[in-house]
Amino acid sequence: MQQEEKFNDWLFRYRYVYRVRRTDKNKRRFLQALVTDIASMREDVRVIEYNQQKKTASRNVYVGNVKKADRIICTYYDTPLAHFGGYRFFDRQVQGKRTTNLIILSSILMILLGLAGTLLYMKLATTAFDLSSLYTWLFIAIFGLYFFALGKVTQGLSRRKNVIRNTSSVLALLRLMEAAGPNTAFAFLDEGTYGDNGLEVLRSSTKKQAQIIYLDSIGANEPLQVIGSGISKGRLAEAGLTATPGNDVTYVISGSVEGAGYELTKTAMKQDLNMENLMTVTALLK
C-alpha cells in the first residue's frame, strides 16, 4: 500500500470507526487496531499496563526503546467528554469546570423531562396501573429507556468529533515512526484528556536527559505553537516557527493565544483536519 493510501486508511478508521476512545471497551478496540498498524511497519511495539489495582487498567503503547532513546515523541489517544466551549490547553481546572457544568445542566434537563413525562402519563391515564394493559407496558419500556439515558447523561456524554483532539496527533506519530532512527521512540499515552498519568508513567521509564516532545491537537485550523526548548532553533526556523519558554517537556499544539494561555475554539475542533499543519509537524520532527 502506498504511503498516501495508507494514511487515508488510517484517517478514515481512526476518524470514524475508532473515533470514541473513552471506555475500556473503546480503548481496547482502538489499541488492537493501532498495534496492528504499527506492527506492519515495525517490530518494536509493546503495550504496558498500569493502575492495575483499579477496575480497568490503563495502557500506554511504546514504539522503540523508550529507556535508551534520546528523544521520545508522544501524544494521548483517549478522547474527552462533551463540554461547554473550547479546549483550554494546560488548564485542567478550567476544562474540568466546562465538562462538569455541561453534565449538571444536561442532568437537570433530563430530570425535568422525566417529571414532565410522568405528569403527562398521570393526566392521560384513564385506568389504574394495570399490568395487563399494553399502555402500562409501553410506559414501563419508555421509562426504562429514560433511566438508561439518564445514567449516561449523569456520567457525561462522549465527544464524538475527535479528529482534531486528538486523532490528528495520533496520525502524526504514525506518519513519523516508519522512517525514525534508533534514537527516537514514540509513545501513545492513556489518560491524557484530563491528566498526566500516562505521561508520568512514560517519564518514569526514560533517561533523565531524554527530550520528550508532546503533541496535542496539532491538526486544527489554528497557528502551530511550540512551548519548550526540545526542538532546535534551526529546525524551528525551517518550519517558520518560534518557541516560547516552557518546562522539561516540549509541547507542540495548534491554538490561539488567549490571555496567559492557549485556547482551541469549539469551532476549530469541529472543522476538518488541517493537513498543512500535520505535514509541518512531521517535517519539523523528522
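Points to keep in mind about this one:
For (1) modelled with pLDDT under 95; (2) farther than 22 Å from V201 by Cβ; (3) surrounded by fewer than 13 Cβ atoms within 10 Å (Cβ to Cβ), each residue gets a yes or a no:
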| position | (1), (2), (3) |
| --- | --- |
| V47 | no, no, no |
| Q53 | yes, no, yes |
| Y77 | no, no, no |
| R92 | yes, no, yes |
| G96 | yes, no, no |
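- In segment 59-93, of all residues being among the basic types (K, R) and in a loop (DSSP other than H, G, I, E, B), the one that is nearest to the chain's Cα centre (by Cα) corresponds to K67.
- Out of Q211, Q225, one residue alone is more than 21 Å from the chain's Cα centre (by Cα), surrounded by 18 or more Cβ atoms within 10 Å (Cβ to Cβ) and on the phi < 0 side of the Ramachandran plot. It is Q211.
- Sole residue being under 22 Å from the mean Cα position of the chain (by Cα), in the same structural domain as L189 (by the TED database) and surrounded by fewer than 19 Cβ atoms within 10 Å (Cβ to Cβ), chosen from G255, G219, G261, G246: G261
- Check on E191, out of contact with any strand residue (DSSP E or B) (no Cβ under 9 Å at 6 or more places or on another chain), under 16 Å from F90 (Cβ atoms), surrounded by fewer than 22 Cβ atoms within 10 Å (Cβ to Cβ) and among the acidic types (D, E): no
- The sole residue among R203, R175, R165, R160 that is among the charged types (D, E, K, R), within 25 Å of the chain's Cα centre (by Cα) and surrounded by 22 or more Cβ atoms within 10 Å (Cβ to Cβ) is R165.
Residues checked against (1) surrounded by 15 or more Cβ atoms within 10 Å (Cβ to Cβ); (2) closer than 23 Å to Y251 by Cα; (3) outside the structural domain of A260 (by the TED database); (4) not hydrophobic (A, V, I, L, M, F, W, C):
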| position | (1), (2), (3), (4) |
| --- | --- |
| Q3 | no, no, no, yes |
| K6 | yes, no, no, yes |
| D9 | no, no, no, yes |
| F12 | no, no, no, no |
| I38 | yes, no, no, no |
| V61 | yes, yes, no, no |
| K68 | no, yes, no, yes |
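- Test: L199 is in contact with a Ser or Thr (Cβ under 6 Å, 6 or more places away or on another chain) and either assigned to a helix (DSSP H, G or I) or in the same structural domain as R19 (by the TED database) (or both): no
- The condition of being touching a residue at least 40 places away in the same chain (Cβ under 8 Å) and in the same structural domain as R165 (by the TED database) does not hold for Y16.
- Scanning segment 117-139 for any residue that is surrounded by 12 or more Cβ atoms within 10 Å (Cβ to Cβ), at pLDDT 85 or above and either aliphatic (A, V, I, L, M) or not in a loop (DSSP other than H, G, I, E, B) (or both) turns up nothing.
- Checked against (1) free of Cβ contacts under 8 Å to residues at least 40 places away in the same chain; (2) over 28 Å from D91 (Cβ atoms), L150 meets all criteria but (1).
- Test: residue in segment 152-164 that is farther than 23 Å from T75 by Cα, touching a helix residue (DSSP H, G or I) at 6+ places or on another chain (Cβ under 7 Å) and either of a type in the set (V, I, T) or not in a loop (DSSP other than H, G, I, E, B) (or both): yes
The values are calculated or read from the model by the stated rules, or taken from the named source; none is laboratory data. Remember, it's a predicted structure, so these values are computed and weren't measured experimentally. As a convention, Cβ positions derive from the backbone with ideal geometry for all residues, glycine included, and neighbour counts pool all protein chains shown.
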